[in-house]
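Visitor: Quick one: the structure is below, and I'll ask about it shortly.
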Amino acid sequence: MKRFNQYEPFNISLFTLSEWPYPLHNHNHFEIIFIHRGEGVHVVNEHRFDYRAGDVFLLGPEDHHLFEITTPTEFCYVRFTQLFFRGDQPGERDKDWQRTVEYLFHTPYQAGGSLVKDPAEKQRLDHLRAVLLAEYGHRKAPFAEHILGHVLQSIISILARNITAEALGATGEGGRSRTLEEILVYVRQHIYQPEKLRLEHLAGHFRYSPNYLSIFFKRQTGESLQQYILRYKLKLVETRLRYSDWSVSQIAYEFGFTDESHLGKLFKKYYGHTPRGFRQSVQDGPSTPAPGALPGANGYAFPGDEKAR
């Protein structure tokens, strides 16, 4: 499978295709894909989703996908890395915003088809998409980069709102109960607040006894609640190691581990590497330019990339 790497923090492509020419691939960046017009099938992680005008897809680095186009389709690709949303040191960006981004990109709903169903929400996103394209076309103008960041932040916030509403409004995958979905969403939203993830607090919040909540969660998921919380937290640590230059001690502090050594032992147990070793292995990995990162690279430059620049 191809893996494309993007070297700039942010770019946008607008193009129309009658046939999808690119191989099945994943990438080192995030993609928001707007369908402006057209119909077909989007194949994401071996699942097939019909698409039509107004649909919006979100893909993380490890999601692999391709399109099967039925009628000529106009795509708008917004590609960005985690670096686009962070400062050089913790605290330089709004922590609540950083956590919204991390919540969004580690929810199981990111590869579940179009994220937006409500026509009014689709219209809001389409207006924001138009502003984003206009500012990107004049990004050397005063304040354009500042506006780009805020518009993209608004788009991502709307997507997060729709994902949360979907999680709380329907039975989850495999017939999981709404109560379980509410617990999972609560954990993701409060992953940086250890006191709110203690069993006693969770039991009180959801109005169950601690013993019943433990049994219920394990029966529904096959693992303990605390095991799930730890795995989810380590997944966020993995993201920080991949896409930031924060030190291991800074990451350990941010996620509430006792110290760097405590994080190191747990991370090695699950990943087979120390955090530093894992980061080094990622940095030493193979590198293939992303479509559009370098026009014509590997023969997979997206139509419109040259003009967008």
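The values are calculated or read from the model by the stated rules, or taken from the named source; none is laboratory data. Quantities reported herein were computed from a predicted structural model and do not represent experimental measurements. Positions of Cβ are backbone-derived with ideal geometry, glycine not excepted, and every protein chain shown enters the neighbour counts.
Visitor: I need the full set of residues from the stretch 205-222 which are touching a Phe, Trp or Tyr at 6+ places or on another chain (Cβ under 8 Å) and either among the basic types (Lys, Arg) or closer than 22 Å to residue 270 by Cβ (or both), in order please.
Guide: Within the stretch 205-222, 217, 221 qualify.
Visitor: Still on this structure: Which residues, counting only those in the stretch 213-228, are surrounded by fewer than 19 Cβ atoms within 10 Å (Cβ to Cβ) and either among the hydrophobic types (A, V, I, L, M, F, W, C) or assigned to a loop (DSSP other than H, G, I, E, B) (or both)?
Guide: Of everything in the stretch 213-228, those that are surrounded by fewer than 19 Cβ atoms within 10 Å (Cβ to Cβ) and either among the hydrophobic types (A, V, I, L, M, F, W, C) or assigned to a loop (DSSP other than H, G, I, E, B) (or both) turn out to be 215, 216, 222, 223, 224.
Visitor: Considering the stretch 233-247 alone, what residues qualify as being under 25 Å from residue 202 (Cβ atoms) and modelled with pLDDT of 90 or more?
Guide: Matches in the stretch 233-247: 233, 234, 237.
Visitor: Can you find a residue in the stretch 170-177 that is under 24 Å from the mean Cα position of the chain (by Cα) and modelled with pLDDT of 85 or more?
Guide: Checked the stretch 170-177: no residue is under 24 Å from the mean Cα position of the chain (by Cα) and modelled with pLDDT of 85 or more.
A quick yes/no check of all residues on (1) at pLDDT below 95; (2) in a strand (DSSP E or B); (3) closer than 26 Å to residue 241 by Cβ; (4) in contact with a Leu (Cβ under 6 Å, 6 or more places away or on another chain):
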site	(1), (2), (3), (4)
38	no, yes, no, no
61	yes, no, yes, no
66	yes, yes, no, yes
75	no, yes, no, no
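Visitor: Which residue is surrounded by the most Cβ atoms within 10 Å (Cβ to Cβ), if the candidates are limited to the stretch 178-199 and must be among the hydrophobic types (A, V, I, L, M, F, W, C), modelled with pLDDT of 85 or more and farther than 17 Å from residue 257 by Cα?
Guide: In this case the residue turns out to be 183.
Visitor: Let me ask another. Report, by residue number, each residue of the stretch 1-36 that is assigned to a strand (DSSP E or B), within 20 Å of the chain's Cα centre (by Cα) and of a type in the set (Phe, Trp, Tyr).
Guide: Residues satisfying the conditions are 4, 10, 30, 34.
Visitor: Name the pairs: first residue in the stretch 268-287 and farther than 19 Å from residue 232 by Cβ and surrounded by 14 or more Cβ atoms within 10 Å (Cβ to Cβ), second residue among the β-branched types (Val, Ile, Thr) and at pLDDT 90 or above, Cβ to Cβ under 9 Å, at least 6 apart or on different chains?
Guide: The qualifying pairs are 274/248; 276/248; 279/248.
Visitor: Related question: Tell me whether the stretch 232-246 contains one or more residues that are part of a loop (DSSP other than H, G, I, E, B), over 28 Å from residue 84 (Cβ atoms) and among the polar types (S, T, N, Q).
Guide: For the stretch 232-246, residues part of a loop (DSSP other than H, G, I, E, B), over 28 Å from residue 84 (Cβ atoms) and among the polar types (S, T, N, Q): absent.
Visitor: Working only within the stretch 32-45, note down all residues that are crowded, with 16+ Cβ neighbours inside 10 Å and under 16 Å from residue 74 (Cβ atoms).
Guide: Matches in the stretch 32-45: 32, 33, 34, 35, 36, 38, 40, 42.
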